[in-house]
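Step one of this worksheet: look at the structure below.
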Amino acid sequence: MTKEKEILELELNGIMKDDSISPVQIERPVYQIEDLNRDHLYEKPYSTLKQKLKKTCGSIKPFSFLKQTIPVLSWLPEYNWKRSIFGDAVSGFTVAIMHIPQGMAYGLLGGVPPVVGIYMAFFPVLIYFIFGTSRHVSMGTFAIVCLMTGKVVNQYTTIEIMQNGTYRSLLSEDDAKNEPSYTNIQIAMTVTFTVALIQLAMYVLRLGLVSQLLSETLVNGFTCASAFHVVGSQMKDLLGLEMKKRRGNFSFVYTIYDSIMAIPNANTRAILVSVIACIILSINNEILKPRLAKKTSIPFPIELVAVVIGTTASYFMDFTKNYGITVVGHLPTGFPAPTLPAFELIPDIFVDAFIITMVSYTITMSMALIFARKLMYEVDSNQELLALGLSNTMGSFFSCMPVTASLSRSMIQQAVGGVTQLASVISCIILSVVLLWIGPFFETLPRCILASIIVVALKGMLLQCTAVVRYWRLSRWDGITWIVTFATTLFVQISYGLAAGVAVSLLSIFVQGYKPYTCLLGAVPNTDLYLDIKRYKGAKEIDGVKIFHYSGGLSFASRSSFKDLLVRKTGLDAAEILRKRAKLAEKEFQNDEEFLTKCIMLDFSSLTFVDPSGVDFLRGLQADYAKLNISMYITGCSGPVYEVIKKCDKVERKDNKFVIFPTVHDAVLFAQNAILEKKDI
């Protein structure tokens, strides 16, 4: 027996040569995959249609299904009134105070009367209380969603309901006779109804995870650019300007241009009020709020204070008459009468509504998951679709825009002691008092104060532009996604920005998946470990053996790149060598050169999937290597990959079977033994 065979037998028996390293004992035969499957009873898991139906139908329990569909039936009977009601009451009161200025401000942002923002904090929120699974999100207005809705409202409105309750036609007399008439509130309601339809359809189809198409990077770039759009839309009120609303592509650029050109005509009194309001709000947020947070979790309602002071000052000093400052105007009391949306407009606004749906759902789920992880409870992504869909359905009949979870209100709702969505019910009770009796008090509120509240509240979103540096350092693709999303959203149009971001995200996934990680593996001496020889300098290649590790999928689309990577790593292009031999044979030259490489191993332990085209490609590869007297082994493939290979062999009745091993070490020992036997012969 040769010395090499003695060494191989020692390795097979698990006897290590280096006493300084703990030995790895291998007390089993060298397995091929067929032997392993036979000895250990491998069987593909399957179930018949009858079994699937029995399992599905048998698991349906009517009462459990009802509690799952209407979550309030689960948690309300178990509600600890003694321990939780005080926290929910304080939380509800605090959030109601925040709803008033935010609702009015974001109502204007959506191109509808300010009172609509308060409606959004009442009707949809009551429905979410019944069907929602998050205990802490505060539903209602959100700047980005209101802005996106406002874009659609501005595009399709022909009759604007003014703040004083009067109607103003936006068309000429000739156009008004030929074009259908839609008010801004009708358009907003139709958008809300369409969003509700999409959300309910997604719930039925169980598409709760579709929001994962919107990555954190994409959402960050999108919301940051949208925040600049919001600021641009408020320039009119901040500066007291009279400007027409820009629509379509590059509207942000045109709005900023219009604002700059109109500065000589700006109302200096409105600018002064805006500057004072912004300074006071900023001082509170940057200095007073952090100090107050150390003493109490209840925040100082600076926005409401600004609204009250501004309204009072405007009332007694008559800002409109004396200083030309625009005020909110008429605020109706009571609840709006239920009306139907303009159903015939749904096909025209469907694409915009779908984008609003995706943004709204993604933001709401992000907020819900933050609190769920922090406070250790579960939220159901599909149930949230149902809750949002039904909430918006209710809102669409009561003059509401699409509702979304608000980051600032949700944080406050949890921080001041809110435990459940009962806080939202308490908030609704307080807001009902505002709607029924207190609303008219805010009619003299200057719009520049509302604009100041919006701009200051967006500081965090505006500063998200600095995140591009971090994303670029972490991943070039993340950086590109952020830049494309931000630039397209800001300079072209909001809807195009989201589409461009999704396209770049999908492209990055495709490109990174199309060029998978590959390497040659080497053995770590005296172990059964095989590592990347470029990264582990202690790993050594085995004489006569090339071990090619491939991580990714092998399909009709990737087989060409697989071959290129294999040839580049191993230095052997079997097909090219055979073509050269064929040309030499035509000229009656012999070329039977021997190769140092006797065996090619394909480590498929990280192969995610293979299709029939990939299997056929491997057969051709094996046949080419065989003509060069080079063996090809497959190692470490998963059960699903193995089953595809066997199915292809069976269906196509191929005789050239693959030699498959469960581990690289099994294949190496088998190959070394085969090489030594050839040498002996």
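The values are calculated or read from the model by the stated rules, or taken from the named source; none is laboratory data. Treat the numbers as computed from the prediction; the structure is a model and nothing was measured. Every residue, glycine as well, gets a Cβ built from its backbone with ideal geometry; the counts of neighbours run over all protein chains shown. The protein model used for the area step is the full one, side chains on, heavy atoms only, and it has no ligands, DNA or RNA in it. Shrake-Rupley method; radii C 1.70, N 1.55, O 1.52, S 1.80 Å.
Of all residues in the range 376-388, which are surrounded by fewer than 24 Cβ atoms within 10 Å (Cβ to Cβ) and not aliphatic (A, V, I, L, M)?
Matches in the range 376-388: Tyr377, Glu378, Asp380, Ser381, Asn382, Gln383.
Taking the condition of being out of contact with any Ser or Thr (no Cβ under 6 Å at 6 or more places or on another chain) and either among the aliphatic types (A, V, I, L, M) or on the phi > 0 side of the Ramachandran plot (or both), how many residues in the range 350-369 meet it?
Matching residues across the range 350-369 total 5.
Which residue pairs have Cβ atoms under 7 Å apart, sit 6 or more places apart or on different chains, and have a first residue in the range 482-504 that is farther than 17 Å from Ile144 by Cα and a second that is open to solvent by 40 Å² or more (accessible area, probe 1.4 Å) and modelled with pLDDT of 90 or more?
Once the first residue is farther than 17 Å from Ile144 by Cα and sits in the range 482-504, its partners that are open to solvent by 40 Å² or more (accessible area, probe 1.4 Å) and modelled with pLDDT of 90 or more give Ala500/Val484; Val504/Ile480; Val504/Val484.
Could you identify the single residue in Val90, Val125, Val116, Val145 that is in a helix (DSSP H, G or I), in contact with a Cys (Cβ under 6 Å, 6 or more places away or on another chain) and of a type in the set (A, V, I, L, M, F, W, C)?
None of the other options fit; the residue is Val125.
Can Val351 be described as at pLDDT 90 or above, within 20 Å of the chain's Cα centre (by Cα) and within 20 Å of Met104 (Cβ to Cβ)?
Against the criterion (at pLDDT 90 or above, within 20 Å of the chain's Cα centre (by Cα) and within 20 Å of Met104 (Cβ to Cβ)), Val351 does not qualify.
Just to be sure I understand the filter: pairs with C-beta atoms under 9 Å, separated by 6 or more residues or on different chains, first member in the range 426-448 and without any contact (Cβ under 8 Å) to a residue 40 or more places away in the chain, second member among the β-branched types (Val, Ile, Thr) and open to solvent by 40 Å² or more (accessible area, probe 1.4 Å). Which pairs pass?
Correct list of pairs: Ile438/Thr333.
Residues that are at pLDDT below 90, assigned to a loop (DSSP other than H, G, I, E, B) and either open to solvent by less than 60 Å² (accessible area, probe 1.4 Å) or not hydrophobic (A, V, I, L, M, F, W, C) (or both): does the range 59-73 have at least one?
For the range 59-73, residues at pLDDT below 90, assigned to a loop (DSSP other than H, G, I, E, B) and either open to solvent by less than 60 Å² (accessible area, probe 1.4 Å) or not hydrophobic (A, V, I, L, M, F, W, C) (or both): present.
In the range 616-639, which residue that is part of a loop (DSSP other than H, G, I, E, B) and among the polar types (S, T, N, Q) is nearest to the chain's Cα centre (by Cα)?
Only one residue fits best here, namely Ser638.
In the range 609-618, what residues are surrounded by fewer than 19 Cβ atoms within 10 Å (Cβ to Cβ) and out of contact with any Pro (no Cβ under 9 Å at 6 or more places or on another chain)?
Asp611, Pro612, Ser613, Asp616
Can you name the residue in the range 518-549 that is hydroxyl-bearing (Ser, Thr, Tyr) and modelled with pLDDT of 90 or more and, of all such residues, is most open to solvent (accessible area, probe 1.4 Å)?
So, considering only residues that are hydroxyl-bearing (Ser, Thr, Tyr) and modelled with pLDDT of 90 or more, the one most open to solvent (accessible area, probe 1.4 Å) is Tyr536.
Assess whether Val511 counts as being part of a helix (DSSP H, G or I) and either at pLDDT below 90 or more than 23 Å from the chain's Cα centre (by Cα) (or both).
yes
Hey, Ile26 hits all of (1) modelled with pLDDT of 80 or more; (2) closer than 24 Å to Ala667 by Cα; (3) surrounded by 11 or more Cβ atoms within 10 Å (Cβ to Cβ); (4) hydrophobic (A, V, I, L, M, F, W, C) but one; which does it fall short on?
Looking at each condition in turn, Ile26 falls short on (1).
Can you find even one residue in the range 169-185 that is assigned to a helix (DSSP H, G or I), at pLDDT 85 or above, over 30 Å from Gln464 (Cα atoms) and in contact with a helix residue (DSSP H, G or I) (Cβ under 6 Å, 6 or more places away or on another chain)?
Yes, there is a match, as at least one residue in the range 169-185 is assigned to a helix (DSSP H, G or I), at pLDDT 85 or above, over 30 Å from Gln464 (Cα atoms) and in contact with a helix residue (DSSP H, G or I) (Cβ under 6 Å, 6 or more places away or on another chain).
Determine if the range 254-275 includes at least one residue that is touching a residue at least 12 places away in the same chain (Cβ under 8 Å), open to solvent by less than 30 Å² (accessible area, probe 1.4 Å), assigned to a loop (DSSP other than H, G, I, E, B) and more than 21 Å from Arg409 (Cα to Cα).
Yes, that holds for at least one residue.
Inside the range 450-470, can you point out the residues that are farther than 18 Å from Phe228 by Cβ and open to solvent by less than 10 Å² (accessible area, probe 1.4 Å)?
If the condition is that a residue be farther than 18 Å from Phe228 by Cβ and open to solvent by less than 10 Å² (accessible area, probe 1.4 Å), then Leu450 is the only one that fits.
Taking the stated definitions as given, is Ser432 part of a helix (DSSP H, G or I) and under 21 Å from Leu281 (Cβ atoms)?
So Ser432 fails the test.
If Thr296 meets every condition in (1) at pLDDT 90 or above; (2) over 25 Å from Leu435 (Cα atoms); (3) surrounded by fewer than 19 Cβ atoms within 10 Å (Cβ to Cβ) apart from one, which number is that one?
Only one criterion is unmet by Thr296, namely (1).
Among the listed residues Ile412, Ile356, identify the single one that is modelled with pLDDT under 90 and either touching a strand residue (DSSP E or B) at 6+ places or on another chain (Cβ under 8 Å) or surrounded by 24 or more Cβ atoms within 10 Å (Cβ to Cβ) (or both).
Ile412
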